[in-house]
Amino acid sequence: MKASYPHIKALILLLAIVVSVLTWQSCNRALDEEPRSLLTSTLFYRTASDALLAVNAAYDHLGGGTSNSGFSGVYFNLYWAMQAIASDDGVAGIADPNSVQLSEFRFDPSNAWTTEIWQDIYKTVNVANIAIANIPNIEMEASLKQRLLGEVHFIRGLMYFELVRLYGNVPLVLTPTVDLSILDILQATPEEVYQQVISDLMIAETNLPVTYTGADIGRATTGAASAYLARVYLTREDWAQAAEHAQKVMATGAYRLLDDYRDIFLIANNSSKEIVFGIGFTFNNDAIWETSQFNVRTLPVDLNRNSLAWEIPTADVYNAFDALDRRREVTFQTSFTESDGTVLTFEPHIFKYWDQAAEPSASSSGTDFYALRYSDVLLMHAEAVNEANGGPTAEAYESLNRVRRRARFAEDEERPTLPDLSNQNQADFRAAVLLERRREFVWEGQRWFDLVRTGSLKEKVEAAKPGVTVDENKHKLFPIPQREIDLNSSLVQNPGY
Amino acid sequence: MERNKTIIILLLSALCTSVIAQSDDILLDSVSIDTSSMSAETAESPSALPAFPNGTFDQMLQGNFAGVHAVQASGQPGAQMMIQIRGMRSLAGGNEPLYIIDGFPLYNDNGLAISGLTLGPALNALSAWHPEDIQSIKVLKDATAAAFYGARGANGVVLVETKRGQVGAPMLEIGVQLGSMSSLTSPQLLSGTDYATFLNQANSAGGRPGQINSPAAFGAGTDWTNIIQDNSALMHTYRVGVSGGSENMAFRIQGTYSIKQGNLQGSDLNRFILHANVDARATKSIKVRNSLNIARLDANTIATDDNGSGEQLGVITATQIFSPLLSSILTAEDANYFNVRVDDEGNPTPELQSSQAYVNPLALSTAIDSRLVNTRFSDYFGIDVSLLEGLTLTGGLGADALFNEESLFIPGALEFQKSPGGTGGGSRMQSIEWISDLRLKYKRQFGSQHNLSALIGYALQGYRREILGGTSRGFENQTLRFNDLSVGSGKFITSDRLENSWRSLMASVDYTFDDRLQILLTMRSDASSKNGGEAMLFPAVGLKWTVSKEGFLVRLRLSAGQTGSFAIPSYQQFTVIDEVSSSLNGVTINGLNRVRLGAEDLKFETTRKINLGLDIGLFADDLFLRADYYNEVTDNALTFVPLAGQTGYDLTLANIAEVANRGFEVSLVTRRFGQKVQWNGQWHLSANKNEIKNLGATNNITVGSEVLGRDEWSILREGESIGAFYGYQSELRDGVINYRDLDGDGQITRADRTIIGNAAPTLVFGFSNTLNYKGIELHFMLQGSSGSDIANFNSLLIGNPNGQSNIRTDVLSTQNPNADLDLLFSDHLIEDGTYLRLKRLRVAYQLPKSLVEKWSMGSIKIYASMENIWTGTKYSGVDPDVSHFGQQHLFQGVDFGGYPKAHQIVGGIQVQL
């Protein structure tokens, strides 16, 4: 008996040795393991399809964003809501201190909205920078490569245009973030940022097609680039360049005004000829972030739908309309009739974004956000020509009157209102254009920008909101968010904050 | 280096093959190294303490060990615990201890043990073991104890040994247990009449329509809490087992079947557990040991602990806010709104008060089908070869395989936004964790006074988890529910796979002189794939000096060393490309983007521990005092560091923080006073002070997952303790809430926030007593904690008289009706969480042997036990022992819509044949 033990023990020990050596070896390999269900950076940005997906990601950051990375896109909600309430067009509808402060011009660097907008925009900048850095190295069809680069340059230019207008001196980051050395980039002057914006948009203008077909409809076009260049030059008061670029858009022939103002906001017309650049949203049960936030934010609580009226329009903007102006009844409603005949009445609320036939429940919204419409191109043209020529010319009148004319029409009926303008001096014409812009673009992300660039923020806001005091010098920029200053001490705060 | 160490191990092993040694005990040495002699505190092995009826063994950690802060996070059957040993160390990784179950190391992350589809809090993964199969639980806290588990020992180690067969004739054991449950008291809400009166006041003050003419007609109204409670909920447990052993073989096989109905309708947990341990001597010098546990857990869960985001549906929140004016017979279809207006007869009118959706609680708990089935096989096989006298080679192979299935169906009528057709889903997760280890132990006595033992060894451990799941929406026909997801229209599939592995080398020397002086040196090297495989050393040293022994024991203990932790998900070091999506022209366009910046140079969190201990034993240790002071500093604590916006990312993971824990623990154990009466009493008291010493470049990081739209309600700040609540200071003036303008700028902004409380308790205590007299055993246990605060988010709804939901009665009497307090996260929500609870009371009677033998039986024991009997607290919520976010330690101390725990009354009988 005893004699057999050593063999068994030797066998066991041998086995133990073999097993341990084998597992040791295999484990040495395993400790360097690569993730199999995650795509890492080294495996991507190699093919034409990767290039397209990288560019798509930039569009995705404009709109719904994505639930799995936990953020909303730049134009999802706060951007246009802030333009509405930090102006004479709207006030906070709920007692959220962030929106109340914006509405009453009491905001400080800790405001959550201005903080989030900064982050959302820079995320989009990084996405664009990743594409701009990687696509040139990808072997692919030259024309597609050129177009894709045009698209991301467009988006980067657009983002910096927003940043420089909202915050003034901002870090000009032009390379993708691979490590934290990106924090060494300091604030650039507005002039430097504008040069980059213009350069990016000019690349886009050159590279992009006039129109797209099929699934590509909605992507940035050369017209969109020209139109944004017009807006950039208008903001910089380079009137001749602004007029020239507006003219360029008009000359493409790709755009027109829809006949009835109401039709612009129907979901079916999300990509109509009126839209020069829009941010896509969709009514989609499966992905809540792809729907826009228009209904929930704008519609009155009393509507008994998913409507919370987080922002509401001022009486001042409602009263800025002629009663017969088609835009007033499309933009606002003061009553609503339920299908069972019950009539609800309420103060004016924004209704233009609700396509009542397509989305009767108003539970989510598939209406796009129109970042730049053709009527804007016409009004920019009218304004720029008026300024460049020391007064309105025939083509300036024509551009302005086309917008007014359209607003006279309710379906086929032409109403006796908003007559064509003529015989205006430069100042009257300038005021007329600004008023027309207000009525045309209620809550379309324009008003604070328009008031700041025309130097009328204090005058208009204080007139519309009694008790509110505006400091034109301070409030022409939003504060650099305190979060950013805390995390990057080299940032310098804007004056007054 | 590593290669060389391996070779040394193998050579040493090979040298020793030819010598035969004898070994008498058929049971192996404990597979894990017995460091109990050095440890600050091991055990008070609660084998003497009765197991919780139908619970989980980690419940035993609450109140029975000094230095352990355990919170039972939910009352759901099989619900999870949150366990901290000597405070918190990591700001981004896990803070749960490492469990070693029969030699198998296991980090208990409940989130990884499920696929996460079902509603409600995660099931406690440790419920796969039946508490009555546990022989002993030891808690290792100091450096020498934990250094044996190196890179995973910093949060403490819980050593669990299951019951094994003993030498003796085979014995059949049968146990039956029956019990019933009822929920702990709910907050006192307005009755029908009072609510109608309140609504009338609120509506007229707010200028809203909806006056109810005769509030008195509603009487008590509908008590929604009562409606969803299952007061006839039962639990029953049936156990059958055989154990026995001879000279060469011992075994114990135990089968358990238990059913635990939840105290809320729609929830239950059925468990089938087979536990089988075998110890055998294969030859004179070779022993083997196998520990097997097979469990099948079958649970129905309900949606408690919602976050109030609208997409999630919360049963408990719904019971509290639902109008008592609504009739309880409402079905899901006609009561999706909690504050629907009613006419004088209580019929809903088409007019709603607000459109915020909450499905009525009865429909929520009964019409939603949320089911989880976990099947878990855990086996560890050890072999022990005596090579020559004093030299033993021990090897082991273990595997822990978990198969999870989850199914969910929410009928269309219950869904937020009433999506027609409902939502169904199914998911399958499987994970396997394996270990292979080999140790060479040497033990020898030199002369009569010198004892030396030494050990070298290695262990490899690997983990793989794969998940596949799909959801489907808009079912054309809802009959088949989740059983045929193809019926739905909007389908969504997910899958994931993750792996990680560990490689460890260990060595130790233990020298004892004359049973008076003991020196222990340990050294361990660990490497993990989670940071690319870089190895790190974890050394520790321990000294124990027994000053006097006979009659009056005085012992001093000192230990110091370094342990680690790395409880983070795999792959954090990689920059990850993931899908983002939006739409163009109404069509979804998907993109791929770098959604996360890879964390560079990740290291183990390292904790330096110093422990000073004093043991005093009187009357042959019948009165035993154990006192410890410890000071621990964790360097390289993992933290999610916020990044400046210009990086394009929100945060990144980095080893930036330094966290300190220091405190003292006192345990007093008394036993056997008197001849007839035996008394075993344990008092445990521990105090811990946690401090964030350093937070890198950022001094403040606000954290806090969203609850009812409030987030960033906690802050990590240098000089403060983890768990600080961060918000506004407030005061009620004339029933209106006013926030303090701390920075004096004339308005309330985020800059006015400050620290308004802390969730970490300063003192944790437990007191348990077992008295024996002539076969009668009385056991009771008190436990509690003090100094902690609770953020009672429920108050945002039922503490807010804004006319939007039902409210607590005390709110009505002290505050202005129609005041909207539903604004900011302030100290209005913070309450003192101090409590003392009579956790258990148990009476057992062992029938006299003479009587039992007459019936030809071994023994009969009958018992009755009650749990959660009495709680003394000022906290206004249901239960101060609460953790809404479960094992997310950073977010402890939150109460919102949690599953209430139950009063349990259980009776049972144990028979040995």
Two-site FRET efficiency, B:ALA282 against B:LEU452, from Cβ-Cβ distance with R₀ of 22 Å, rounded to 0.05: 0.20
For B:383-389, mean number of other protein chain Cβ atoms within 10 Å: 2
Spread of Cα-to-Cα distances over 10 Å intervals beginning at zero, given as percent, for chain B: 2, 11, 20, 24, 21, 13, 6, 2, 1, 0
At least 20 Å² accessible surface lost relative to isolated chain, residues of segment B:622-655 (1.4 Å probe): B:PRO642, B:LEU643, B:ALA644, B:GLY645, B:GLN646, B:THR647, B:GLY648, B:TYR649, B:ASP650
Point-to-point label distance, A:ALA215-B:SER856, nm (Cα→Cβ direction, 7 Å offset): 8.0
Accessible area that becomes buried as A packs against B, both chains, 1.4 Å probe, Å², nearest 100: 7800
For the protein assembly as shown, alpha-carbon Rg relative to the globular expectation (2.2 N^0.38 Å, N residues): 1.02
Kirkwood hydrodynamic radius (C-alpha pairs) into Stokes-Einstein, segment B:743-796, 25 °C and 0.890 mPa s, D in µm²/s: 155
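If you take each beta carbon of peptide A:113-123 and count the beta carbons of other chains within 10 angstrom, what is the mean?
3
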At R0 = 56 Å, FRET efficiency that the Cβ-Cβ distance of B:SER705 and A:ASP412 yields, to 0.05: 0.55
Structure-based [θ]222 nm, chain B - -39500 (n - 2.57) summed over DSSP H runs of at least 4, per residue, nearest 500: -2000 deg cm²/dmol
Segments A:73-79, B:475-481 sorted - mean Cβ within 10 Å per residue, highest first: A:73-79, B:475-481
Span-like helix ranges in chain A, DSSP H, alpha carbon extent 24 angstrom or more, Kyte mean at least 0.0: A:5-30, A:112-134, A:142-167
Mean shadow area of segment A:181-321 over all directions, Cα convex hull, nm²: 13.6
Three principal axis lengths of segment A:383-423 [C-alpha, angstrom, descending]: 36, 16, 11
Unit charges at the beta carbon, dipole of chain B: most positive-side option, B:SER582, B:ALA367, B:VAL906: B:VAL906
A:SER490-B:GLU600 FRET efficiency (beta carbon distance; Förster radius 25 Å; 0.05 resolution): 0.70
Test item: B:434-442 mean partner chain Cβ contacts at 10 Å: 2
C-alpha center-to-center spacing [segment B:419-492, segment B:87-144] in angstrom: 13
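Mean separation of Cα pairs under 8 Å and 6+ residues apart, divided by the residue count of chain B: what relative contact order is that in percent?
Taking the mean separation of contacting Cα pairs over the length of chain B, I get 13 percent.
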Local electrostatic count, B:TYR107, Cβ distance below 10 Å [Lys/Arg +1, Asp/Glu -1]: -2
Using alpha-carbon coordinates, inclination of helix B:2-15 to the longest axis of chain B, degrees: 40
Helix-derived mean residue ellipticity, 222 nm - over chain A, DSSP H n ≥ 4, -39500 (n - 2.57), to 500: -14500 deg cm²/dmol
Nitroxide proxy distance, nm - points 7 Å out along Cα→Cβ at A:GLU141 and A:ALA254: 1.8
3J(HN,Hα) from dihedral phi, segment B:847-858, Karplus parametrisation 6.51/-1.76/1.60, rounded to Hz, x for glycine, proline: 4, x, 4, 4, 5, 5, 5, 4, 8, 6, 10, x
Rg/Rg_globular for segment B:169-231, with Rg_globular taken as 2.2 N^0.38 Å and Rg from C-alpha atoms: 2.16
16 Å reach of a label modelled at B:LEU184, 7 Å along Cα-to-Cβ, counting backbone N of segment B:244-270: B:263-264
Along principal axes, Cα extents of segment B:524-586, largest first, whole Å: 88, 26, 11
Extension gain from B:ILE174 to B:SER548, taking 0.36 nm per residue of separation minus the Cα-Cα distance: 130.0 nm
Rough spin-label spacing in nm, given labels placed 7 Å along Cα→Cβ, for A:PHE346 and B:ASN631: 6.3
Scattering curve values for segment B:514-655, log₁₀ I(q)/I(0), Debye with Cα scatterers, q = 0.11, 0.17, 0.19, 0.21 Å⁻¹: -0.65, -0.99, -1.10, -1.20
Carbon plus sulfur fraction of accessible area for the protein assembly as shown, probe 1.4 Å, in percent: 55
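In percent, how large is the relative contact order of segment B:521-629, given Cα pairs closer than 8 Å and 6 or more residues apart?
27
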Alpha-carbon Debye profile of segment A:357-405, log10 I(q)/I(0) at 0.14, 0.22, 0.27, 0.31 Å⁻¹: -0.49, -0.74, -0.92, -1.06
Rg over Rh, two decimals, chain A (C-alpha only, Kirkwood Rh): 1.11
Å² of accessible area per residue within the protein assembly as shown, as computed with a 1.4 Å probe and no ligands counted: 36
Folded to 0 to 90 degrees: helix B:192-205 orientation relative to chain B principal axis, Cα: 60
Whole-angstrom gap from segment B:216-276 to segment B:770-784, using each part's C-alpha centre: 24
Relative contact order (percent, whole number), segment B:754-913, Cα cutoff 8 Å, 6+ residue spacing: 24
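The values are calculated or read from the model by the stated rules, or taken from the named source; none is laboratory data. Keep in mind the model is a prediction, meaning the values are calculated, not measured. Because the Cβ atoms are built from the backbone with ideal geometry, glycine has one as well, and the counts that use them run over all protein chains shown. All accessible areas refer to the heavy atoms of the entire protein, side chains included, with ligands and DNA or RNA removed. Shrake-Rupley method; radii C 1.70, N 1.55, O 1.52, S 1.80 Å.
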